Amino acid sequence: MTPSTPPKLTPSQISEFSQVLYEARNHVQEVEPLTKAYHDFDLDDAYRIQADGIEKRLQNREKIIGYKMGLTSKAKMEQMGLHKPIYGVLTDVMQIDAGGVFSLTQKIHPKAEPEVYFITHKELKGSVSPEEALAACSSVGVALEILDSRFQGFKYFALPDVVADNASSAYFVLGEPVKPFAGMDLKNLKIQITENETVMHEDTSAAIFGNPILSLCELVKLLDEQKMTLPAGSIVLAGAATVAIQLKPDTVVAGHLEGMKSVDFKVTV
Ligand code: OOG
Ligand code: MG
């Protein structure tokens, strides 16, 4: 385990910064990047702010149901100008139904991106091999993540800001689960995002960290650095294969992963 560095922010600064983001999310109001408006801080402090913000949401009766990886593909790293994989937390209120409706009302500047997801049936911790990780999964499938950064303009921020902001996560939708099997090759599957059936972006699943299962291994490692484990029953979004698209009213956005049933949702005003 790599021990995290001692906090450089005081507990009251951590709470104050998580409160800024908590309110931005609740009031649907974008804010200046924390590292610019208030104080510079490192990634470990950023994960402390993220955890504090999630704690506030748990007190508001949300429940943790999984994690998301971010910045696991070159396309996303370049789109955001940030170059290190990060994680965020998924709660029950963030999941929307496949085939459901997503209203743009009360959202800041939402975007969607195509991902691969896993659901685990066994706790994972420390350093795990891709074979161990796949064996610990009960399902795999295609997902769409909807990002809605709480920061102005979505893009002019430093990595600790994004981590503090729960990796820009807002909502997600899961496609039909497929049962993984030993030797299943998740590496070379075509993955696309479409808007009204027009392909907006496509790549192969290898774009996600070389292989999406490696992104799950990386998540377990990043959690270990924060002295955490990945509980059995977690949903894990492995990160986007392509850049995200801005959501527009009266469109159907779909995610497609070769060999699996597609997933979509309808965007309304
Ligand atoms: C950061 C989150 C990145 C992904 O899949 O790479 C992410 C952002 O784009 O604001 O979710
Ligand atoms: Mg994502």
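Just so you know, all these numbers are worked out from the coordinates, no wet-lab data involved. The model shown is predicted, which means the values in this text are computed figures rather than measured ones. Neighbour counts are summed over all protein chains in view; Cβ atoms, including those assigned to glycine, are modelled from backbone coordinates with ideal geometry.
DSSP loop (so not H, G, I, E, B), at most 13 other Cβ within 10 Å: list which chymotrypsin sites (Phe, Trp or Tyr not before Pro) in the range 137-212 pass both filters.
Details: sites: 151, 154, 156, 157, 171, 172, 181, 209; in loops: 154, 156, 157, 181, 209.
Counting only loop positions with at most 13 other Cβ atoms within 10 Å, the chymotrypsin sites (Phe, Trp or Tyr not before Pro) in the range 137-212 are 156, 181.
How do the peptides 259-265, 16-22 rank, highest first, by the average count of neighbouring beta carbon atoms within 10 Å per residue? Please report the intermediate quantities before stating the final value.
On the way: 259-265: 17.4, 16-22: 20.1.
Ranking the peptides 259-265, 16-22 by packing returns 16-22, 259-265.
Given 37 °C and 0.692 mPa s, how large is the Stokes-Einstein diffusion coefficient of the chain in µm²/s, with Rh as the Kirkwood radius over Cα pairs?
Numbers: Rh = 18.4 Å.
Here the translational diffusion coefficient equals 178 µm²/s.
Tell me, in nm to one decimal, what length is gained between residue 63 and residue 129 on full extension, where the rule is 0.36 nm per residue of separation less the Cα-Cα distance?
Working: separation 66, 0.36 × 66 = 23.76 nm, distance 2.84 nm.
My answer for the length gained is 20.9 nm.
Take every DSSP beta bridge with both residues inside the chain and express the antiparallel ones as a percent of the total, to the nearest 5.
Rounded to the nearest five, the antiparallel share is 85 percent.
Under a straight-distance cross-link criterion of Cα-Cα below 19 Å, which aspartates and glutamates are reachable from residue 261, leaving out those fewer than 8 residues away in the same chain?
97, 113, 115, 145, 176, 185, 195, 197, 202, 203
Under the rule of at least 5 residues apart or a separate chain, name every residue whose amide H is placed under 5 Å from the amide H of residue 260.
Sorted by chain and number, the residues that satisfy this come to none at all.
What percent do you get for the relative contact order of the chain when only Cα pairs under 8 Å and 6+ apart count? Write down the numbers at each step before the final one.
Numbers: 640 pairs, mean separation 74.7, N = 269.
Once normalised by length, the contact order is 28 percent.
Looking at this model, which pairs from 36/68; 56/179; 107/179; 63/190; 36/266 are more than 27 angstrom apart at the alpha-carbon?
From the list (36/68; 56/179; 107/179; 63/190; 36/266), the Cα-Cα distance tops 27 Å for 56/179; 107/179; 63/190; 36/266.
Classify the range 40-128 as rounded, prolate or oblate, taking a ≥ b ≥ c as the square roots of the eigenvalues of its Cα gyration tensor: rounded when a/c is under 1.5, otherwise prolate if a/b is larger than b/c and oblate if not. Walk me through the numbers on the way to the answer.
Working: a/c = 1.22, a/b = 1.10, b/c = 1.11.
Cα axes put the range 40-128 in the rounded bin.
Kindly rank 221-229, 238-246, 61-69 from highest to lowest mean number of other beta carbons found within 10 Å of each residue. Present the calculation step by step, with values, prior to reporting the outcome.
Working: 221-229: 16.0, 238-246: 23.3, 61-69: 19.1.
Ranking the peptides 221-229, 238-246, 61-69 by packing returns 238-246, 61-69, 221-229.
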